[in-house]
1. Select from segment 15-79 those trypsin sites (Lys or Arg not before Pro) which occupy a DSSP coil region and have at most 13 other Cβ atoms within 10 Å, ordered by residue number.
2. Apply the membrane-span-like helix rule to the chain: whole DSSP H runs, Cα extent along the own long axis of at least 30 Å, mean Kyte-Doolittle hydropathy at least 0.5. List the helices found.
3. Along each of the three principal axes of the Cα atoms of segment 25-66, give the extent in whole Å, ordering the values from largest to smallest.
4. Give me the percent of accessible area attributable to carbon and sulfur for the chain, probe 1.4 angstrom.
5. Taking only the Cα atoms of the chain, how large is their convex hull per residue, in Å³?
6. Along Cα→Cβ, 7 Å out, is where each label goes; now give me the distance between the ones at Tyr39 and Arg19 in nm to one decimal.
7. Along the Cα→Cβ direction, 7 angstrom out, place labels at Phe74 and Val7. What is the inter-label distance in nm?
8. Rolling a 1.4 angstrom probe over the protein heavy atoms, how many square angstrom per residue are accessible across the chain?
Amino acid sequence: MTLHHVVTIGLIGMSYGCRYLRVGLAVLVVHDFADIFLYTAKSLHYLKVKGGTDILFAIFAISFFASRNVFYPFYVLLPTA
């Protein structure tokens, strides 16, 4: 998990250095969108809420796949190339 944040910060820093601020913001949104569901699922797990944990983890898995493998390459990287 820490490596994920290091990579995200590196991508944002490089986009700032190359004056691609909009791309940096898009990277931040895409890379951290799925984390909302993961952290909420973890919190519900600690609170012993079984059904909510499973549902939120499934939403996390779908949003993680969609944001990293669909949205990021096709809507962030390709238009800037």
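The values are calculated or read from the model by the stated rules, or taken from the named source; none is laboratory data. On a predicted model such as this, the values are computed, not experimentally measured, just so you know. Cβ atoms come from the backbone with ideal geometry, glycine included; neighbour counts cover every protein chain shown. Calculation scope for accessible area: heavy atoms of the full protein, side chains included, ligands and nucleic acids excluded. Shrake-Rupley method; radii C 1.70, N 1.55, O 1.52, S 1.80 Å.
1. On the way: sites: Arg19, Arg22, Lys42, Lys48, Lys50, Arg68; in loops: Arg19, Lys48.
The qualifying sites are Arg19, Lys48.
2. Numbers: long enough: 21-46 (37 Å, 0.96).
Those that clear 30 Å and a mean of 0.5 are 21-46.
3. If we take the Cα atoms of segment 25-66, the spans are 35, 15, 7 Å.
4. On the way: 4460 of 5920 Å².
Heavy-atom surface of the chain belonging to carbon and sulfur, 1.4 Å probe: 75 percent.
5. 78 Å³
6. 3.4 nm
7. 2.0 nm
8. Details: 5920 Å² over 81 residues.
Per residue, the chain has 73 Å² of solvent-accessible surface.
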